[in-house]
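Shown next, in structure tokens, is the structure this report addresses.
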Amino acid sequence: MNEPPARMPTITDGPTDAVPVPPDPIDHAALRARYAEERDKRLRPDGNDQYLQPTGRYAHLLDDPYTPRVQRPPVHDEVDVAIVGGGFAGLVTGARLRQAGIDRLRIVEGGGDVGGAWYWNRYPGAMCDTAAMVYLPLLEETGHMPTMKYTFAPEIFAHAQRIARTFDLARDALFSTEVRQLEWDGAARRWIVRTDRGDEFRARYVTMGTGPLHRPKLPGIPGIETFGGHAFHTSRWDYAYTGGDAAGAPMDALAGTRVGIIGTGATAVQCIPHLARAAGELYVFQRTPSSIDVRNNHPIDPGWFAALGPGWQREWLRNFCTLQTGGFADEDLVKDGWTDIAQRIRDRVVQLVEQGAELTPETMQRAYEDSDDEKMCEIRARVDAIVEDPATAAALKPWYRQLCKRPCFHDEYLQSYNLPTCHLVDTDGRGVERIDEGGVWAAGTHVELDCLIFASGFEVGTAYARRAGFETVGRDGETLSDHWSDGMRSLHGIHVRGFPNAFVVGLAQGANLVSNVTHNLVEAATTIAAIVARAEEVGATEVEVTSAAEAAWVDLLQSSERGFLGNPECTPGYYNNEGRAISAKDRLGMSGYPDGPLAYFDYIEQWRESGRFEGLEFRTG
Ligand code: NDP
């Protein structure tokens, strides 16, 4: 990290971690050429189609290993709001609706409890890379103090359960239940919710918070179905096989076994240190290394936390969002790798302008590239400083811009490769060649394995209904898939024409703030609760976006590149459609408010607080 700014340290400042100084001067042109070369190596004609849905030998990977499925009679009744998905999207929506006085709320959730991503992802070392003070939603409302600057998965799961308890959201919930269809009954002005448990109940409103990274995907490696050893995906960790538990007990049952893990993304980075300690031999099959910045986790001081005044979390959220998206603030409250890169860019802009440059898009681009080059040189230098074997260190260096892939932060990952049991099998961008009954072929050699773990991520960019696992049928039988056949269309990412009384809870077409997902969700939930409260107040039976408002919002999103996330020049990954051309359709699902997340949050607050709810029709009768 850079020298901290000249101010008194806050309690959230971690211990400093000396980072090697990057080469000076940086050869920007040489870096550009290397980045392009590494990217081109990884481009594949099959793009996103390289991935498989878990079927056949792997069909069980979609099962719930944590909660037995208990038989129950089907439900046939009516609720005020059906909340599809019990992750943070559903929970914060439920909380805000409760605060608005809505009585019968029913969460329908495939998992055996609330928690969503944090219910499923129990792999060892799982934690959130976004600081708990801003990531954990509704901290003031629930009175919870995060134990650490970055909290581990069990605490996040417990917080999800705390929200459910605080707002009594489990009362009417259906767990271990998957929605199969939502259908609008125009005559009754009700949604009919059908599930895989034979339920068929009615709801006056539905909210859909199915999560951006919900369905596990597998790498389409030839022979994958022939593997004869034990295999599982990181989002369904098999502690019955590995021993240990999500709370961090060592995975004793792996002693003496040969374990392979495919993938080195954010998930793998967190579980590899644990596997490296537990397995007899660990083989990490790498296609593209992640960038690993400093973590610097530390406990939160209860005295300091207790002194925070009312409204502190909103202040922290806005501060993080401001700094993370290139804005100015007197103080950096979170002060971590996310805000560091953004501040470097911002400070470089100021420097260039002071040196006489005009504030043009070219100046902004140069500031971004200079800062990123500096940051990535530090990250590569850190690899050399930590990893003892020079060839392994060389293979672990990322050659792309930091935000091309999910940036990772860890203080034990790189160190794992110094253990004699931890072997990096680098494939120089090509990936695993094939899998057979005995193990994995990669980089021209065969590795015999007892266990193979897929850290291969989640479906992104596939059809909404496929990822969500159900179809939504709106007015006159139109499906959401039809409505979005040329790409997502909405007002604010929430309202869709032809789907009255239905609300989408997500990131896309709203703030699209990826560094802190829950901030998007809380804002969407607050907006939805305000709309439902208004509908109740005026006795409306239908709330729907007008065609004109939906079209105008889509036009606004398409009018600018600024809210759009994918960069085709980046190394391939789910951030950029695996490096393939990004169609107008794909762009729609990846876009956000053109003036940026903070401007969106200001805009939507004014929109709902004006009481006019422009673009919506409230119909009675
Ligand atoms: P990712 O999609 O990020 O990573 C998948 C990995 O599998 C990549 O390293 C990929 O390589 C590799 N891979 C795919 N196919 C092959 C192949 N044929 N051979 C070898 N390797 C292959 O999934 P993750 O589960 O790691 O992360 C998903 C997202 O979940 C993150 O981006 C983040 O948003 C979220 N997350 C958040 C955390 C947090 O702290 N908040 C923690 C963990 C996850 P390549 O890079 O070359 O494509």
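The values are calculated or read from the model by the stated rules, or taken from the named source; none is laboratory data. In this text, all values refer to a predicted model and were calculated from it rather than measured experimentally. Backbone-built Cβ (ideal geometry, glycine too); neighbour counts: all protein chains shown. When the accessible area is computed, the model is the full protein with side chains, heavy atoms only, and any ligands, DNA or RNA have been set aside. Shrake-Rupley method; radii C 1.70, N 1.55, O 1.52, S 1.80 Å.
Is there a residue being at pLDDT below 95 and either open to solvent by less than 30 Å² (accessible area, probe 1.4 Å) or in contact with a strand residue (DSSP E or B) (Cβ under 6 Å, 6 or more places away or on another chain) (or both) anywhere in region 356-369? Looking through region 356-369, at least one residue is at pLDDT below 95 and either open to solvent by less than 30 Å² (accessible area, probe 1.4 Å) or in contact with a strand residue (DSSP E or B) (Cβ under 6 Å, 6 or more places away or on another chain) (or both).
The condition of being out of contact with any strand residue (DSSP E or B) (no Cβ under 9 Å at 6 or more places or on another chain) and not acidic (Asp, Glu) holds for only one of Ala525, Ala529, that being Ala529.
If you go through region 241-250, how many residues are open to solvent by 10 Å² or more (accessible area, probe 1.4 Å) and either charged (D, E, K, R) or assigned to a helix (DSSP H, G or I) (or both)? Give the steps one after another, and end with the answer.
Our first condition is that a residue be open to solvent by 10 Å² or more (accessible area, probe 1.4 Å); within region 241-250, this holds for 241, 243-250.
Subsequent filtering for residues that are either charged (D, E, K, R) or assigned to a helix (DSSP H, G or I) (or both) retains 241, 245.
The qualifying residues number 2.
Scanning region 279-301 for residues that are away from the ligand (no atom under 15 Å from the Cβ) and under 23 Å from Trp118 (Cα atoms), we see that the one that is surrounded by the fewest Cβ atoms within 10 Å (Cβ to Cβ) is Pro299. If I ask for residues that are small (Gly, Ala, Ser), within 16 Å of the ligand (Cβ to nearest atom) and either open to solvent by 50 Å² or more (accessible area, probe 1.4 Å) or outside the structural domain of Arg430 (by TED's automatic domain parsing) (or both), which ones from region 163-221 would you list? Gly211, the sole residue that qualifies. Picking from residues in region 488-500 that are in a loop (DSSP other than H, G, I, E, B) and out of contact with any Ser or Thr (no Cβ under 8 Å at 6 or more places or on another chain), the one that is most open to solvent (accessible area, probe 1.4 Å) is Arg489. Scanning region 610-621 for residues being farther than 22 Å from Asp555 by Cα, touching a residue at least 60 places away in the same chain (Cβ under 8 Å) and open to solvent by 30 Å² or more (accessible area, probe 1.4 Å) gives a total of 4.
Results for (1) under 20 Å from Pro407 (Cβ atoms); (2) of a type in the set (A, V, I, L, M), shown as yes or no for each residue.
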| residue | (1), (2) |
| --- | --- |
| Phe227 | no, no |
| His230 | no, no |
| Met251 | no, yes |
| Gly260 | no, no |
| Thr267 | yes, no |
| Leu275 | no, yes |
| Tyr283 | no, no |
| Ala307 | no, yes |
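In the set (1) buried (at least 20 other Cβ atoms within 10 Å of the Cβ); (2) more than 16 Å from the ligand (Cβ to nearest atom); (3) over 30 Å from Arg189 (Cβ atoms), Glu550 fails one condition alone, (3). Just so you know, in region 567-591 the residues that are more than 16 Å from the ligand (Cβ to nearest atom) and open to solvent by less than 20 Å² (accessible area, probe 1.4 Å) include one that is farthest from Arg489 (Cα to Cα), and it is Ser591. If the condition is being open to solvent by 10 Å² or more (accessible area, probe 1.4 Å) and of a type outside the set (A, V, I, L, M), then region 130-157 contributes Tyr135, Glu140, Glu141, Thr142, Gly143, His144, Thr147, Lys149, Phe152, Pro154, Glu155, Phe157. Checking Ile453 against (1) more than 29 Å from Asp336 (Cα to Cα); (2) within 15 Å of the ligand (Cβ to nearest atom); (3) open to solvent by 10 Å² or more (accessible area, probe 1.4 Å): exactly one of these is not met. Which one? The one condition Ile453 does not meet is (3). Within region 506-518, how many residues turn out to be in contact with a helix residue (DSSP H, G or I) (Cβ under 6 Å, 6 or more places away or on another chain) and either open to solvent by 10 Å² or more (accessible area, probe 1.4 Å) or assigned to a strand (DSSP E or B) (or both)? Looking only at that region, the number is 2.
Just checking, does region 67-76 include any residue being open to solvent by less than 70 Å² (accessible area, probe 1.4 Å), part of a helix (DSSP H, G or I) and touching a residue at least 40 places away in the same chain (Cβ under 8 Å)? Scanning region 67-76 turns up no residue that is open to solvent by less than 70 Å² (accessible area, probe 1.4 Å), part of a helix (DSSP H, G or I) and touching a residue at least 40 places away in the same chain (Cβ under 8 Å). The condition (being more than 16 Å from the ligand (Cβ to nearest atom), assigned by TED's automatic domain parsing to the domain that holds Ala187 and over 30 Å from Asp372 (Cβ atoms)) is satisfied by just one residue among Ser560, Ser485: Ser485. Selection over region 592-608 of residues that are open to solvent by 60 Å² or more (accessible area, probe 1.4 Å) and either within 16 Å of the ligand (Cβ to nearest atom) or in contact (Cβ under 8 Å) with a residue 12 or more places away in the chain (or both) gives a count of 1. Just one of the listed residues (Ala395, Ala465) is away from the ligand (no atom under 12 Å from the Cβ), in contact with a strand residue (DSSP E or B) (Cβ under 8 Å, 6 or more places away or on another chain) and at pLDDT below 95, and it is Ala465.
Among the residues making up region 256-274, those that are within 26 Å of Leu52 (Cβ to Cβ), more than 9 Å from the ligand (Cβ to nearest atom) and not in a helix (DSSP H, G or I) are Thr257, Arg258, Val259, Gly260, Ile261. Applying the set (1) within 28 Å of Leu97 (Cα to Cα); (2) modelled with pLDDT under 95; (3) of a type in the set (Gly, Ala, Ser) to Ser560 leaves exactly one unmet item: (1).
Report yes if Ala253 is assigned to a helix (DSSP H, G or I), open to solvent by 20 Å² or more (accessible area, probe 1.4 Å), small (Gly, Ala, Ser) and at negative phi, otherwise no. Walk me through how you get there before you give the answer.
Numbers: assigned to a helix (DSSP H, G or I): yes; open to solvent by 20 Å² or more (accessible area, probe 1.4 Å): yes; small (Gly, Ala, Ser): yes; at negative phi: yes.
Yes; evaluated as a whole, the condition is true for this residue.
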